[in-house]
Amino acid sequence: MLLHPEDSSPAVGNPAQQRWASSLPMNTVVLFVPQQEAWVVERMGRFHRILEPGLNFLIPILDRIRYVQSLKEIVIDVPEQSSVSLDNVTLQIDGVLYLRITDPFKASYGVEDPEYAVTQLAQTTMRSELGKLTLDKVFRERESLNSNIVHSINQAADDWGIRCLRYEIKDIHVPPRVKESMQMQVEAERKKRATVLESEGARESAINVAEGCKQAQILASEGEKAEQINRAAGEAQAVLAKAEAKAKAIRLLSDALTEQNGNAAASLSVAEQYVSAFSNLAKESNTILLPSNTGDISGMVTQVYFISKTPPV
């Protein structure tokens, strides 16, 4: 905050800002400087020193308080301005500037009105930075845009004893037609994302169905394989059981033949099977093969008996 001795009104700096402060203090020899203020003293029209907060003494008539600088953070509204983006879209942008005086001497003698100078610098820098970006990037890179503006202001305002702490864009107004086209673009982008998501869902569903069919076929083949293995194992066990039963029967028959009258019992069994075979043959077929001596039953039995006693060749 800057005060000039010629000011009769308490309004300070750019009139649009309407910043108010008390008038310059008079030289009363003993002065009390408030905290966060710097009083610039001139002696016989030349810079003498800066009064620190607290008790200070001045020489009457010779010393004069020329400027009063506030060391607090200053907030300035940057008026709305027109800017043209890289893709030739006219934008209306306003912002807020946060400043602090770091060197009261430079702020007093380096520029006539530091706040007004920084405001104009912020506006010109804003137009310059917006001319480097397209409309879409202005909204996406808002933070980097603020950072670039702060950097550019600090480079120029260093000679003025002022440091820009931050700059914030408040509002960005676009022409109505451009706004309508942007809304249409947003709707188209949303429809595109919805279509993509729907297609991805259909693809995932088809993949899941295919995976399910694949797993089902694998499980079915494994089940069929296990069934065949179990059936083969069962048939093998059945064959082994039959073979073991037949071997046991043969062993029992062999033991029976070695006993007394075993050959007579075997001959009787063979004769019975011989007669039974002829009877079954008569039931199952129209053609009957009969031996030449069918009337001689005793001869047939005797023949069978001798056949059974004849050892195999």
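The values are calculated or read from the model by the stated rules, or taken from the named source; none is laboratory data. Remember, it's a predicted structure, so these values are computed and weren't measured experimentally. Heads up, the Cβs are rebuilt from the backbone with ideal geometry, glycines too, and the neighbour counts pull from every protein chain shown. Ligands, DNA and RNA are stripped out before the accessible areas are found, and what is left, the full protein with its side chains, is counted by its heavy atoms. Shrake-Rupley method; radii C 1.70, N 1.55, O 1.52, S 1.80 Å.
Taking the options Ala188, Ala107, Ala122, name whichever one is open to solvent by 20 Å² or more (accessible area, probe 1.4 Å) and either touching a Leu at 6+ places or on another chain (Cβ under 6 Å) or more than 16 Å from Pro79 (Cα to Cα) (or both).
Ala188
Mind checking whether some residue in region 70-89 is farther than 30 Å from Phe139 by Cα and open to solvent by 20 Å² or more (accessible area, probe 1.4 Å)? I'd like the intermediate steps shown before the answer.
Step one: filter region 70-89 for residues farther than 30 Å from Phe139 by Cα, giving 70-72.
Keeping just the survivors that are open to solvent by 20 Å² or more (accessible area, probe 1.4 Å) gives 71-72.
The answer is yes, given that some residue of region 70-89 is farther than 30 Å from Phe139 by Cα and open to solvent by 20 Å² or more (accessible area, probe 1.4 Å).
Out of Val178, Val138, report the one residue that is open to solvent by 30 Å² or more (accessible area, probe 1.4 Å), among the aliphatic types (A, V, I, L, M) and either in contact with a Ser or Thr (Cβ under 9 Å, 6 or more places away or on another chain) or in contact (Cβ under 8 Å) with a residue 12 or more places away in the chain (or both).
On the way: Val138 fails: open to solvent by 30 Å² or more (accessible area, probe 1.4 Å).
From the options Val178, Val138, the qualifying one is Val178.
crowded, with 17+ Cβ neighbours inside 10 Å and out of contact with any Asp or Glu (no Cβ under 9 Å at 6 or more places or on another chain): which single residue out of Leu58, Leu62 fits that description? Full working, then the answer.
Numbers: Leu62 fails: crowded, with 17+ Cβ neighbours inside 10 Å.
The conditions single out Leu58.
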Notebook entry, point to check: Which condition breaks for Ser23 when tested against (1) part of a strand (DSSP E or B); (2) modelled with pLDDT under 85; (3) over 59 Å from the mean Cα position of the chain (by Cα)?
Noted result: (1)
